[in-house]
Amino acid sequence: MTDLTDHLTLQAAGPPRPAHRLAPWIAEARALGKLALPLAATQLAQMAVLTTDIIMLGRLGRTALASAAIGNTVFYFAWLIGIGPMSALAPMIAQALGARAHAVGEVRRIVRMGLWAILLLAPPLMTFLLFARPILLAAHQEPMLARGAGQFVAMLAIGLPFSLTYQGLRNVASALGHARPALAVMGATILFNILGGYTLIFGHFGAPQLGIVGAGLATSASMIFSALAMATIIRFTPGLHRYRILRRFHRPAWKKLQETFRLGAPIGVTILFEAMMFNVMTLVMGTFGAEALAAHQVALNVASITFMGPQGIGMAAAIRVGLAAGAEDYPGVRRAGYTAMAAAAVLIGVCGLAMALFGVNIAELYISGRTAQDLAAIALAVSFLRVAAAFQIGDALQVVGAMALRGMKDARAPMLMAGASYWLAGAPMCIFLGVGLHMGGLGVWLGLGFGLTVAAVCMVLRFRHLSRE
């Protein structure tokens with residue numbers, strides 16, 4: 001039995017006839033886990049690529065590290081715009097396969113139009129990245145940092161279309177029941193990025209010492225490597241090659257292209273709403289002093305790592321819900337969505353408990369000094385981690401809920417709910433508590449938790465409403 005056959009078993013076999021009413025839920029949990037584990041691991045591997053960049057740039061000094069940090073903010077903004085259509089591919093394919101298990105032609109058209117979307121989006125986004133320096137100067141960043149960031153981002157622009165291609169092909173393979181190859185590719189990419197950064201940043205193996213420019217080139221090279229490796233796997237994996245995704249590549253499928261943007265654009269904006277709230281609050285946190293900002297970065301990094309688990313479960317939920325929705329199996333839609341939410345809540349609850357109980361130990365992994373400033377930063381980080389622990393379940397439910405809705409091709413309403421939750425509830429609460437009530441960083445984190453909780457309630461209620469119809 002192939003991976004795709006396993007992937008479609010619950011839908012293709014029709015409603016199960018279990019001896020026990022929990023049997024279909026257990027079967028759904030197994031199917032979800034088989035898909036979610038490699039997806040979550042791949043998300044963590046992608047974070048490892050960024051971590052290796054930070055470690056190597058840190059050896060160049062604080063200026064290089066700060067330039068790369070603000071440069072990454074510009075690059076991430078462009079990447080988020082491009083990632084929306086790529087995120088639409090998995091639910092589109094899942095619904096097509098749910099409706100007809102052997103929809104080879106339709107899957108091919110969806111993938112082809114996804115790649116067309118990259119060709120349409122890449123030129124303007126790359127042009128935008130080439131103007132990173134004047135953009136940062138207009139944002140009143142230090143000229144020296146803006147110059148370094150501009151050089152760094154110009155190199156990253158080369159890799160942008162390849163990064164989007166990898167993400168698109170990864171989503172395609174996952175929707176077709178092959179989530180593990182993307183993890184293998186990302187593992188190889190980590191090694192490739194380390195070797196490239198070591199060579200080009202520091203000038204080893206006879207290469208010139210390029211510093212921050214070399215870091216950008218190495219990261220772009222790793223993006224190119226990941227895209228080519230993913231394409232190679234699809235070419236030589238029988239269960240994926242049978243779709244021949246590049247066949248008749250020149251032929252348009254206008255309805256599929258339109259659907260890719262209609263579904264993908266609000267997905268990208270939804271992600272952007274949340275990311276920008278955290279970025280803006282990082283700037284607000286900087287007004288409270290270096291200790292508060294350092295503690296904020298510690299808590300944010302820890303929360304980002306634990307978030308990868310629910311995000312992987314959410315990506316799997318989009319596919320599982322999409323398969324059931326395509327088959328018009330509405331009990332299956334509810335079962336897939338609620339199973340994913342429960343799994344994410346349990347997983348993140350354990351992580352939150354660890355953050356609450358071992359906050360000091362976690363903070364000391366990041367801040368090793370023992371000066372008065374270091375101890376103050378550790379104490380603040382512990383308080384922020386406890387707040388983060390309290391809203392971990394809300395964070396998990398909002399991402400899984402949004403992705404379950406994505407599996408039902410419902411993207412516009414989640415976008416509006418995300419905008420309201422983060423910018424009409426979360427951000428004002430951060431400012432009110434942190435600045436208005438003089439609670440400082442603690443108030444900002446309470447506001448972040450409030451925004452995520454509001455988003456979670458909205459997403460879950462929206463899924464409950466749609467899955468009942």
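Bear in mind these aren't lab numbers, they're just calculated from the coordinates by the rules spelled out. The structure presented is a predicted model; accordingly, all values stated were derived computationally and were not measured. Quick reminder, even Gly has a Cβ in these numbers, built from the backbone with ideal geometry, and neighbours come from all protein chains shown.
Go from 0 up to the bin containing the longest alpha carbon distance in the chain, width 10 Å each, and give me the % of pairs per bin. All Cα pairs considered, the percentages come to 4, 19, 30, 28, 14, 4, 0.
For an R0 of 25 angstrom, estimate the FRET efficiency from the Cβ-Cβ distance between Trp423 and Tyr76 and round to the nearest 0.05.
Values: r = 18 Å, r/R0 = 0.72.
For R0 = 25 Å, the calculated efficiency reads 0.90.
Bridgeable lysines around Lys34 (alpha carbons under 25 Å apart, same-chain partners fewer than 8 residues away excluded): Lys409. Values of log10 I(q)/I(0) for the stretch 264-340 across q = 0.13, 0.17, 0.18, 0.27 Å⁻¹ run -0.59, -0.80, -0.84, -1.16, by the Debye formula with one identical scatterer at each alpha carbon and no solvent.
Computed over the chain, the per-residue total of -39500 (n - 2.57) for DSSP H runs of n ≥ 4 gives a 222 nm mean residue ellipticity of -28500 deg cm²/dmol, rounded to 500.
Quick one: in the stretch 28-252, what % of C-alpha pairs are over 23 Å apart?
On the way: 12720 of 25200 pairs.
Here the tail beyond 23 Å accounts for 50 percent of pairs.
Just want the answer: with Cβ charges of +1 for Lys and Arg and -1 for Asp and Glu, which residue in Ser67, Ala299, Thr52 is farthest toward the dipole's positive end in the chain? Towards the positive end, the residue furthest out is Thr52.
Kindly identify the stretch 344-452 as rounded, prolate or oblate by the Cα gyration tensor criterion: order the square roots of the eigenvalues as a ≥ b ≥ c, call it rounded if a/c is under 1.5, otherwise compare a/b with b/c, prolate if a/b is larger, else oblate. It comes out oblate by the Cα gyration axes.
Here the label points at Ala101 and Arg251, each 7 Å from Cα along the C-beta direction, are separated by 2.6 nm in the simple model. Sorted from longest to shortest, the spans of the Cα atoms of the stretch 264-469 along the three principal axes equal 62, 31, 23 Å.
Give me the tail of P(r) for the stretch 20-77 as a percent: Cα-Cα pairs with distance above 12 Å. Write down the numbers at each step before the final one.
Details: 1239 of 1653 pairs.
Value for the stretch 20-77 (Cα pairs over 12 Å): 75 percent.
Between 0 and 90 degrees, the angle of helix 440-468 with respect to the longest Cα principal axis of the chain falls at about 10 degrees.
Calculate the FRET efficiency for Ala48 and Leu130 from the Cβ-Cβ distance with a Förster distance of 25 Å, rounded to the nearest 0.05. Walk me through the intermediate numbers first.
Values: r = 28 Å, r/R0 = 1.12.
Efficiency computed from Cβ-Cβ geometry: 0.35.
Here the peptides 247-253, 218-224, 400-406 are ranked by packing, the mean other Cβ count within 10 Å, and the order with the highest first is 400-406, 218-224, 247-253. For the chain, the longest principal axis of the alpha carbon atoms and the long axis of helix 3-12 meet at an angle near 60°.
When the Kirkwood radius is taken over all Cα pairs of the stretch 203-256, what Stokes-Einstein diffusion coefficient follows at 25 °C and 0.890 mPa s, in µm²/s? Estimated diffusion coefficient is 171 µm²/s.
Specify the angular offset, from 0 to 90 degrees and rounded to the nearest 10, of the alpha carbon long axis of helix 254-286 from the longest principal axis of the alpha carbons in the chain. Approximately 30 degrees, to the nearest 10. Pairs of C-alpha atoms in the stretch 333-379 farther apart than 15 Å represent 59 percent of all such pairs.
Using a 10 Å cut-off on Cβ atoms, rank the peptides 343-355, 85-97, 304-316 from the highest mean neighbour count down. Write down the numbers at each step before the final one.
Working: 343-355: 19.5, 85-97: 27.0, 304-316: 23.4.
Ranking, from highest mean packing down: 85-97, 304-316, 343-355.
With r defined as the distance between the Cβ atoms of Thr232 and Tyr330 and R0 fixed at 22 Å, what FRET efficiency is calculated, to the nearest 0.05? About 0.05, to the nearest 0.05.
Using 0.36 nm per residue and subtracting the Cα-Cα separation, the extra length available between Ala138 and Ala275 on full extension is 47.2 nm. Here is the list for the stretch 219-328: GluC sites (Glu not before Pro) lying in DSSP coil, each with at most 16 other C-beta atoms within 10 angstrom of its C-beta, are Glu328.
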